[in-house]
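Colleague: Just passing along the structure, written as structure tokens.
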Amino acid sequence: MPFAPMLPILYSFRRCPYAMRARMAIQYSGIQVELREIVLRDKPAELLLASPKGTVPVLILNNENVIEQSLDIMQWALFQNDPQQWLCQQSTALSTQIAQLIDHNDRVFKTHLDQYKYADRYPDQPKEYYCHQGELFLRDLETRLAQTPFLLSNKISLADVAIFPFIRQFAGVDPKWFDSAPYPKLKLWLNFFCNSRDYQNIMQKFAVWQAGARPFIFP
């Protein structure tokens with residue numbers, strides 16, 4: 001059966017938290033794309049031609065426009081279909097809080113996460129120091145979640161979905177430590193997303209894309 005019209009192409013890597021959140025938004029919106037799973041140590045020439053930075057996710061639209069940032073891909077999908085109002089466009093205050101929380105996750109917490117996960121690359125401080133730095137964000141999220149089931153309200157927002165893959169990665173550095181850490185609300189919140197049907201769908205094992213292969217349509 002022919003695949004027409006041509007779908008947007010999403011280059012992805014299953015375990016990358018940036019790619020996870022992009023796939024979550026696309027899954028939720030119901031916008032179909034051709035998913036191309038890559039191996040980071042062997043990036044296809046087609047990806048590098050479209051986006052020389054060589055990181056994922058990358059979305060190539062039908063008009064050949066390229067979206068290279070995961071948050072922009074999420075917003076692209078949600079602007080087309082956002083049935084549960086993840087963007088909170090009806091509230092300027094909430095929209096501002098979403099942007100601020102994601103910005104802190106992406107600029108500050110992600111730095112501490114990388115230092116914690118790859119502590120041997122950052123010998124200036126012990127691993128525990130980087131963990132404690134990351135915990136500043138965990139405590140903020142725990143405080144928020146003690147007030148509402150999700151980070152900013154009683155409903156899921158873009159902030160929840162954009163941030164949880166990074167908390168998942170932080171928890172995975174030392175699962176025994178995280179299991180005993182005093183963040184009960186954060187753990188419930190994280191488990192909610194990791195046990196969700198959408199998450200299970202986006203984390204299925206994808207075959208590595210090869211040029212000429214039959215397109216894999218997602219979701």
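Colleague: Rounded, prolate or oblate for the stretch 108-219? Axes are the square roots of the Cα gyration tensor eigenvalues, ordered a ≥ b ≥ c, and the cut-off for rounded is a/c under 1.5.
Modeller: oblate
Colleague: When the chain is fully extended, how far beyond the present Cα-Cα distance does A207 get from F79, taking 0.36 nm per residue of separation? Write down the numbers at each step before the final one.
Modeller: Numbers: separation 128, 0.36 × 128 = 46.08 nm, distance 2.90 nm.
Full-extension gain reported as 43.2 nm.
Colleague: So what is the 222 nm mean residue ellipticity for the chain from helices alone, if each DSSP H run of at least 4 adds -39500 (n - 2.57) and you divide by all residues, rounding to the nearest 500 deg cm²/dmol? List each step's numbers first, then the result.
Modeller: On the way: 10 runs with 109 residues, N = 219.
For the chain, the value works out to -15000 deg cm²/dmol.
Colleague: What percent does the relative contact order of the chain come to when contacts are Cα pairs within less than 8 Å and at least six residues apart?
Modeller: Working: 261 pairs, mean separation 60.6, N = 219.
The value is 28 percent.
Colleague: Using a ≥ b ≥ c from the Cα gyration tensor of the stretch 1-134 (square roots of the eigenvalues), is it rounded, prolate or oblate, where a/c under 1.5 gives rounded and otherwise the larger of a/b and b/c decides, a/b for prolate? Walk me through the intermediate numbers first.
Modeller: Details: a/c = 2.71, a/b = 1.30, b/c = 2.08.
Since a/c reaches 1.5 but b/c is at least a/b, the shape of the stretch 1-134 is classed as oblate.
Colleague: Using a cut-off of 19 Å between alpha-carbon atoms, which lysines can reach K155, once sequence neighbours fewer than 8 places away in the same chain are excluded?
Modeller: K185, K187
Colleague: By the scheme Lys and Arg +1, Asp and Glu -1, what is the net charge of all other residues having a beta-carbon under 14 Å from that of N154?
Modeller: Details: positive: R144, K155, K185; negative: D160.
Here the count lands on +2.
Colleague: Across the stretch 198-203, in residue order, what do the Karplus-derived ³J(HN,Hα) couplings come to in whole Hz, using 6.51 cos²θ - 1.76 cosθ + 1.60 with θ = phi - 60° and x for Gly and Pro?
Modeller: With the stated coefficients, the stretch 198-203 comes to 4, 5, 4, 5, 7, 9 Hz.
Colleague: Hand me the trypsin sites (Lys or Arg not before Pro) from the stretch 20-99 located in a DSSP loop with no more than 14 other Cβ atoms within 10 Å, in residue order please. Could the numbers behind the result be given before it?
Modeller: On the way: sites: R21, R23, R36, R41, K53; in loops: R41, K53.
Here the sparse-neighbourhood loop sites are R41, K53.
Colleague: For the stretch 26-41, what does the Karplus curve 6.51 cos²θ - 1.76 cosθ + 1.60, with θ = phi - 60°, yield as ³J(HN,Hα) per residue in whole Hz, taken in order and with x for Gly and Pro?
Modeller: For the stretch 26-41, the Karplus curve yields 5, 4, 5, 6, x, 7, 7, 9, 8, 8, 10, 6, 10, 10, 4, 7 Hz.
Colleague: Shifting gears a bit: Report the antiparallel proportion of the DSSP beta bridges in the chain as a percent, rounded to a multiple of 5.
Modeller: Values: 8 of 13 bridges.
Once the DSSP bridges in the chain are tallied, antiparallel ones form about 60 percent.
Colleague: Give me the net charge for the shell around L78: Cβ to Cβ below 12 angstrom, other residues only, Lys and Arg +1, Asp and Glu -1. Present the calculation step by step, with values, prior to reporting the outcome.
Modeller: Values: positive: R21; negative: D72, D82.
Net local charge, L78 excluded: -1.
Colleague: Let me ask you something else. At a 1.4 Å probe radius, carbon and sulfur cover how many percent of the accessible area of the chain? It would help to have the intermediate numbers written out before the result.
Modeller: Numbers: 5940 of 11530 Å².
It is 51 percent, rounded to a whole number.
Colleague: Can you tell me the FRET efficiency between E128 and F216 if r is taken as the Cβ-Cβ distance and R0 is 35 Å, rounded to the nearest 0.05? The partial results should precede the final answer.
Modeller: Numbers: r = 42 Å, r/R0 = 1.20.
It comes out at approximately 0.25.
Colleague: Same structure again: Do any trypsin sites (Lys or Arg not before Pro) in the stretch 80-162 lie in a loop, going by DSSP, with at most 15 other beta-carbon atoms within 10 Å of their beta carbon, and if so which?
Modeller: On the way: sites: R107, K110, K117, R121, K127, R139, R144, K155; in loops: K155.
Of the trypsin sites (Lys or Arg not before Pro), the ones in loops of the stretch 80-162 whose Cβ has at most 15 other Cβ atoms within 10 Å are K155.
Colleague: Now for a separate question. In the chain, once you exclude exposed chymotrypsin sites (Phe, Trp or Tyr not before Pro) (DSSP loop, at most 15 other Cβ within 10 angstrom), what's the longest stretch remaining?
Modeller: Numbers: sites that count: F3, Y118, F216.
No qualifying site falls inside 4-117, the longest such stretch.
Colleague: For the chain, what is the accessible area per residue in Å², given a 1.4 Å probe and the full set of protein chains?
Modeller: Numbers: 11530 Å² over 219 residues.
On a per-residue basis, 53 Å².
Colleague: Please tell me the relative contact order of the stretch 123-219 in percent, rounded to the nearest whole number, where contacts are Cα pairs under 8 Å and at least six residues apart. Don't jump to the answer; show the numbers that get you there.
Modeller: Numbers: 38 pairs, mean separation 22.6, N = 97.
After rounding, I find 23 percent.
The values are calculated or read from the model by the stated rules, or taken from the named source; none is laboratory data. Source: prediction; values computed, not measured. Note: ideal-geometry Cβ built from the backbone for every residue, glycine included; neighbour counts use all protein chains shown. These accessible areas exclude ligands, DNA and RNA; they are computed on the full protein's heavy atoms, side chains included. Shrake-Rupley method; radii C 1.70, N 1.55, O 1.52, S 1.80 Å.
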